[in-house]
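A short write-up of the structure that comes next.
The values are calculated or read from the model by the stated rules, or taken from the named source; none is laboratory data. All figures in this text were calculated on a predicted structure; none of them were measured in a lab. Cβ placement follows ideal geometry from the backbone for every residue including glycine, while neighbour counts extend to all protein chains displayed. These accessible areas exclude ligands, DNA and RNA; they are computed on the full protein's heavy atoms, side chains included. Shrake-Rupley method; radii C 1.70, N 1.55, O 1.52, S 1.80 Å.
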Amino acid sequence: QGENAEARRLLDSLSPVTRLEERVVALATRLDFAEKGSSGDATLLQQKIAENENDLDARLELANLLLAQQDYEPALQHLIEIVRRDRQFGDDIGRKTMLSVFGLLGGENPLVGTYRRLLASALN
């Protein structure tokens, strides 16, 4: 609800054992996405990508913005493009972020199956 600092404070106050609970991990992941995507102009980022498809910084920033809005499929599309274009970009941030999204959405979500296959293909 836009109170990221308070949410972070509450999560940090939980015991280490509680932080490992699936529900808490999901909340922490959503908070991470909210913090990373808290600023940015989607239109400007889309324009930057249209002008230079290899602008991986803009792709990552847009993906984070979309993840903060819980708009997962377009975010995953940008993340898979990052992996395809430069696997090592940002210490493999495209793949790592995708894995976080998969964990958040859960194995039953159809997006997870689709993008796991795309990721496996991109990594080969």
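One table, with the values for the structure above:
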| quantity | calculated |
| --- | --- |
| Whichever residue in the stretch 34-51 is of a type in the set (A, V, I, L, M) and touching a helix residue (DSSP H, G or I) at 6+ places or on another chain (Cβ under 8 Å) and, among such residues, is surrounded by the fewest Cβ atoms within 10 Å (Cβ to Cβ) | ALA42 |
| The lone exception for SER15 - which of (1) open to solvent by 40 Å² or more (accessible area, probe 1.4 Å); (2) closer than 23 Å to GLU3 by Cβ; (3) in contact (Cβ under 8 Å) with a residue 12 or more places away in the chain it fails | (3) |
| Flag if GLY107 is small (Gly, Ala, Ser), within 19 Å of SER121 (Cβ to Cβ) and not in a helix (DSSP H, G or I) | yes |
| Residue satisfying all of: in the stretch 82-94; open to solvent by less than 40 Å² (accessible area, probe 1.4 Å) and part of a helix (DSSP H, G or I); farthest from GLU61 (Cα to Cα) among these | VAL83 |
| All positions within the stretch 18-47 that are in contact (Cβ under 8 Å) with a residue 60 or more places away in the chain and at positive phi | none |
| So LEU31, is it assigned to a helix (DSSP H, G or I), open to solvent by 80 Å² or more (accessible area, probe 1.4 Å) and under 25 Å from GLN77 (Cβ atoms) | no |
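Yes/no per residue for (1) in contact with a Phe, Trp or Tyr (Cβ under 7 Å, 6 or more places away or on another chain); (2) under 25 Å from ARG8 (Cα atoms); (3) open to solvent by less than 60 Å² (accessible area, probe 1.4 Å):
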{"position": "GLU53", "(1), (2), (3)": "no, no, no"}
{"position": "ASP57", "(1), (2), (3)": "no, no, no"}
{"position": "LEU60", "(1), (2), (3)": "no, yes, yes"}
{"position": "LEU67", "(1), (2), (3)": "yes, yes, yes"}
{"position": "ILE80", "(1), (2), (3)": "yes, no, yes"}
{"position": "LYS96", "(1), (2), (3)": "no, yes, no"}
{"position": "SER100", "(1), (2), (3)": "no, yes, yes"}
